[in-house]
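> Take a look at the following structure, please.
A short reminder: the numbers here are calculations on the coordinates, not readings from a lab. The structure displayed is predicted, hence computed values, not measured ones. Cβ placement follows ideal geometry from the backbone for every residue including glycine, while neighbour counts extend to all protein chains displayed.
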Amino acid sequence: MGFTKKYFGQVAEIAAKLDLAAIERLADGLATVRAREGRLFVLGVGGSAANASHAVNDFRKLCDVEAYAPTDNVSELTARTNDEGWAGVFAAWLKTSRANDKDALLVLSVGGGDRERNVSPNLIEALDEAGKRGLAIFGIVGRDGGYTAKVAHAVVKIPVVDPGLVTPHSEAFQAVVWHCLVSHPKLMVNRTKW
């Protein structure tokens, strides 16, 4: 039980260290987007892409927020990757969607993107495109937050308590934070079944 006890001890430590004010800022920002009838584009890669899909469902169903995850459309995603390259897939989605200053971008990422190391260039290009178009930019990210934390209007950084478990903790707490948001009285308008 050594690893299991350690892992869940770290889960408790991360929960205790979360910046609750940052989560409130995110709730306020998302409520503002809904009030102005904007759309929410949720981006993630790898495990965070699966989280983006789930988050979109929750924001749509529970909060009446028009939300989309570009990774849910595997045909467009792979066609753009094949024809135009991986780095531009999300920025192209925002262009085609005519994203504008009523909308918002929510990045779910372990590292948040790093231009110098060429990590998650697709997130970086999307963040730049969102900035040009005047979108509100939000993030739930691990580590130091990377490029997302530099450009976001509101960002929740998942505290690092074990450098060897950054990815599982970050992706797990993305779900914890977005479930808090979709349950938040500022956002939730439709009750869950259970």
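> Please find, among Ala175, Ala149, Ala126, the residue that is free of Cβ contacts under 8 Å to residues at least 40 places away in the same chain, of a type in the set (Gly, Ala, Ser) and either in a helix (DSSP H, G or I) or surrounded by 16 or more Cβ atoms within 10 Å (Cβ to Cβ) (or both).
On the way: Ala175 fails: free of Cβ contacts under 8 Å to residues at least 40 places away in the same chain; Ala126 fails: free of Cβ contacts under 8 Å to residues at least 40 places away in the same chain.
Sole residue among the options that is free of Cβ contacts under 8 Å to residues at least 40 places away in the same chain, of a type in the set (Gly, Ala, Ser) and either in a helix (DSSP H, G or I) or surrounded by 16 or more Cβ atoms within 10 Å (Cβ to Cβ) (or both): Ala149.
> Inspect region 86-103 for any residue being of a type in the set (Val, Ile, Thr) and more than 14 Å from the chain's Cα centre (by Cα) and give the result as yes or no.
Pass one, region 86-103, residues of a type in the set (Val, Ile, Thr): 89, 96.
Still in the running and more than 14 Å from the chain's Cα centre (by Cα): 89, 96.
Yes, the conditions are met somewhere in region 86-103.
> Taking into account only those residues within region 7-34 that are under 19 Å from Pro163 (Cβ atoms) and in contact (Cβ under 8 Å) with a residue 60 or more places away in the chain, which is nearest to the chain's Cα centre (by Cα)?
Just the residues of region 7-34 that are under 19 Å from Pro163 (Cβ atoms), to begin with: 7-18.
With in contact (Cβ under 8 Å) with a residue 60 or more places away in the chain added as a condition, the list becomes 7, 10-11, 13-15, 17-18.
On the way: Tyr7: 23, Gln10: 22, Val11: 20, Glu13: 22, Ile14: 18, Ala15: 18, Lys17: 19, Leu18: 16 Å.
Restricting to residues being under 19 Å from Pro163 (Cβ atoms) and in contact (Cβ under 8 Å) with a residue 60 or more places away in the chain, the top hit is Leu18.
> Being crowded, with 21+ Cβ neighbours inside 10 Å, without any contact (Cβ under 8 Å) to a residue 60 or more places away in the chain and not β-branched (Val, Ile, Thr) is the requirement here; does Leu187 meet it? Break it down into steps so the answer makes sense when it comes.
Values: crowded, with 21+ Cβ neighbours inside 10 Å: yes; without any contact (Cβ under 8 Å) to a residue 60 or more places away in the chain: no; not β-branched (Val, Ile, Thr): yes.
No.
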